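The values are calculated or read from the model by the stated rules, or taken from the named source; none is laboratory data. What you are looking at is a predicted structure, and each value in this text was computed from that prediction instead of being measured. With ideal geometry, Cβ positions are generated from the backbone for all residues, glycine too; neighbour counts draw on all protein chains shown.
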Amino acid sequence: MHKVLIIDDSEINLTLIRALVLKLGECEPILFDMPLKALEWCRENAPDLVIVDYMMPEMDGLRFIAEFRQLPGRAEIPVLMITANDQKDVRYEALLGGANDFLTKPIDRLEFSARARNMLALRAGQKSLADRAAYLEEQVDARTKEIRERERELIFRISRAAEFRDPETGAHIQRMAHYSQIIARRMGLDEIRCKLILQAAPMHDVGKIGIPDHILLKPGRLTVEEFDVMKRHAELGHELLKDSGSEIMQTGAEIALTHHEKYDGSGYPNGLAGEAIPLFGRIVAVADVFDALTSERPYKKAWSLEDACRLLEEGRGSHFDPLCVSTFLGAWDEVLEVRQRFRDEAIPLT
Amino acid sequence: MLSSFVLDKPSIMERLGDDEEIFSMMVAMFLDDVDNNCAALQAAVQATDAVQLQREAHTIKGLLATFSDDAGADLAFALEKQARAGEVAAGAAQVPALIARVQDVAGVLRRLSGR
């Protein structure tokens, strides 16, 4: 049903136009004898066609069209202006001022029907184009979401691939990623960066894929040589991820490379110190170590929370960025909540 | 002095797409409003209100044109132009003739519709 707005101060014209509009079929005429009231209606309602008289009290048709066009979303709605035969100059002005076409008085039904139908066809075209655009946007959104979801799943699987060769669990990567996000959020990073660290942190140890089993899975203490090989996982992870087109993977590369750096410069692989270590690397260092300490492994018992916190405190400024430690310990309730939520049980792959 | 109004119904019906229902409705509305329209025209003259006079003349021009009364519509248009130019006194002289014309048209339509 097309909504046809008719504005004319003459009752006889309103009645005539209403009758003609009804003859068009599938039209609902909406009548106003005062332009200001019609404008008020247009603020809340979008007509499909406006038929407006030129000479009216309060405001003439030209001003009505100008004000109507200013309303949001009303720039394209077809407008027909009714003028007397002798008002050629007004018709020109109307066409320049935003009217799409005009009708002359006395109104001729044939002319009226043809022009009104043309305008309604124009409107139908506009609407179908808008619907198509909205539909396409929806499709693109859905596809984008799907791709993001696949990317997320891929990252999770890559992260777990490393774990299959390592005693660490799926719950560990979930916890350390959430701890990292808690620190990032408490440090005032924007929501996009907070989400990024949550998604990228799980890949911190992906380079362990490249470490030989006899070293990675060795139950006892590593020799110096073996530990040197083990340390290569940071660079291997970086190599694996660094050239990705995905921002998450690139961030994962940075985290993989820098999460074993230490604040005093004694870490590896590059011996970076202080703020030369990228922030995400400094954050993940705290989150990863805390969770590794407080988790049980085949070769060690879980540390108590108190002991783990003490180690973080002791490592403040040497191993860890002091601000990251304080921020982490200052968010203790959230830390416990994450610990409770991701316990060491089987985490499904998807 | 205009010659008496003769209703050219075929031309009106052509314009209205041979829709008798719409024609009857237009006649009824014209007859319902005719006295008010004439009174409004006179009131504008008495108040020497050029804007109002222009508007009322414009309305009557439209009504007469609806019934294909070109001569009557021309008279109303002349008054509309005078009022637009602010010549209320000169326009006032035209008002009795215009009112007579409107009543002439109304008389014809009354006889036609049996009202």
When A:F102 is run through (1) loosely packed, with under 15 Cβ neighbours inside 10 Å; (2) in contact with a helix residue (DSSP H, G or I) (Cβ under 9 Å, 6 or more places away or on another chain), the failure sits at (1)
query = Before we move on, is A:I12 at pLDDT 90 or above, among the β-branched types (V, I, T) and in the same structural domain as A:R117 (by TED's automatic domain parsing)?
reply = no
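Please work out which residue is nearest to the other protein chains (Cβ to nearest Cβ), limiting yourself to the stretch B:25-54 and to residues that are surrounded by fewer than 14 Cβ atoms within 10 Å (Cβ to Cβ) and within 15 Å of B:G107 (Cα to Cα).
Per the stated criteria, the residue is B:D32.
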* Does B:V105 count as in contact with an Asp or Glu (Cβ under 7 Å, 6 or more places away or on another chain), over 23 Å from A:V21 (Cβ atoms) and of a type outside the set (D, E)? -> yes
Of the residues in the stretch A:20-29 that are surrounded by fewer than 17 Cβ atoms within 10 Å (Cβ to Cβ) and of a type in the set (A, V, I, L, M), the one that is nearest to A:L110 (Cα to Cα) is A:L24
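From the residues in the stretch A:159-177 that are modelled with pLDDT of 80 or more and touching a helix residue (DSSP H, G or I) at 6+ places or on another chain (Cβ under 7 Å), which one is nearest to A:D288 (Cα to Cα)?
Restricting attention to the stretch A:159-177, the residues satisfying the condition of being modelled with pLDDT of 80 or more are A:171-177.
Narrowing the set further to residues that are touching a helix residue (DSSP H, G or I) at 6+ places or on another chain (Cβ under 7 Å) leaves A:172-173, A:175-177.
Details: A:H172: 8, A:I173: 8, A:R175: 9, A:M176: 5, A:A177: 8 Å.
This residue is A:M176.
Tell me which residues, restricted to the stretch A:90-111, are more than 13 Å from chain B (Cβ to nearest Cβ) and charged (D, E, K, R). Before you say what the answer is, go through the steps one by one.
The first filter runs over the stretch A:90-111 and keeps only residues more than 13 Å from chain B (Cβ to nearest Cβ), leaving A:91-102.
Scanning the stretch A:90-111 gives A:R91, A:E93, A:D101.
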Please verify whether the stretch A:25-42 includes one or more residues that are over 24 Å from B:G17 (Cα atoms), touching a residue at least 24 places away in the same chain (Cβ under 8 Å), touching a Lys or Arg at 6+ places or on another chain (Cβ under 7 Å) and not β-branched (V, I, T). yes
The correct count of residues that are farther than 12 Å from A:D321 by Cα and either in contact with a strand residue (DSSP E or B) (Cβ under 7 Å, 6 or more places away or on another chain) or in a helix (DSSP H, G or I) (or both) in the stretch A:246-296 is 19
Sole miss for B:V102 among (1) within 9 Å of chain A (Cβ to nearest Cβ); (2) buried (at least 22 other Cβ atoms within 10 Å of the Cβ); (3) in contact (Cβ under 8 Å) with a residue 40 or more places away in the chain is condition (1)
Within the stretch B:80-96, residues being surrounded by 15 or more Cβ atoms within 10 Å (Cβ to Cβ) and within 22 Å of B:L31 (Cβ to Cβ) number 1
Restricting the stretch A:104-136 to residues that are of a type in the set (A, V, I, L, M), outside any loop (DSSP other than H, G, I, E, B) and over 40 Å from the mean Cα position of the chain (by Cα), the one nearest to B:L64 (Cα to Cα) turns out to be A:L110
Counting only residues in the stretch A:1-24 that are in a strand (DSSP E or B) and aliphatic (A, V, I, L, M), the one farthest from the other protein chains (Cβ to nearest Cβ) is identified as A:L5
Notebook entry, point to check: Taking the stated definitions as given, is B:A65 within 14 Å of another protein chain (Cβ to nearest Cβ) and touching a strand residue (DSSP E or B) at 6+ places or on another chain (Cβ under 7 Å)?
Noted result: yes
Condition set under 36 Å from the mean Cα position of the chain (by Cα) and farther than 24 Å from A:A121 by Cβ, scope the stretch A:42-70, selection surrounded by the fewest Cβ atoms within 10 Å (Cβ to Cβ): answer is A:E44
task = Consider B:L41 carefully, then state whether it is in contact (Cβ under 8 Å) with a residue 40 or more places away in the chain and on the phi < 0 side of the Ramachandran plot.
result = yes
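Here is a check on your reading of the model: is A:A84 over 22 Å from A:N45 (Cα atoms), at pLDDT 90 or above and within 14 Å of chain B (Cβ to nearest Cβ)? Break it down stepwise before answering.
Working: over 22 Å from A:N45 (Cα atoms): yes; at pLDDT 90 or above: no; within 14 Å of chain B (Cβ to nearest Cβ): yes.
No; evaluated as a whole, the condition is false for this residue.
Any chance the stretch A:297-316 includes a residue that's touching a strand residue (DSSP E or B) at 6+ places or on another chain (Cβ under 7 Å) and in a helix (DSSP H, G or I)? Talk me through it step by step, then tell me what you get.
Of all residues in the stretch A:297-316, those touching a strand residue (DSSP E or B) at 6+ places or on another chain (Cβ under 7 Å) come to A:312.
Next cut, in a helix (DSSP H, G or I) only: A:312.
Checking the stretch A:297-316: at least one residue is touching a strand residue (DSSP E or B) at 6+ places or on another chain (Cβ under 7 Å) and in a helix (DSSP H, G or I).
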Note to self: I'd like to check something: does the stretch A:121-129 contain any residue that is within 14 Å of another protein chain (Cβ to nearest Cβ), of a type in the set (D, E, K, R) and surrounded by fewer than 19 Cβ atoms within 10 Å (Cβ to Cβ)?
What the structure shows: no
Out of (1) of a type in the set (G, A, S); (2) more than 14 Å from every other protein chain (Cβ to nearest Cβ); (3) surrounded by fewer than 18 Cβ atoms within 10 Å (Cβ to Cβ), the one A:A114 does not meet is (2)
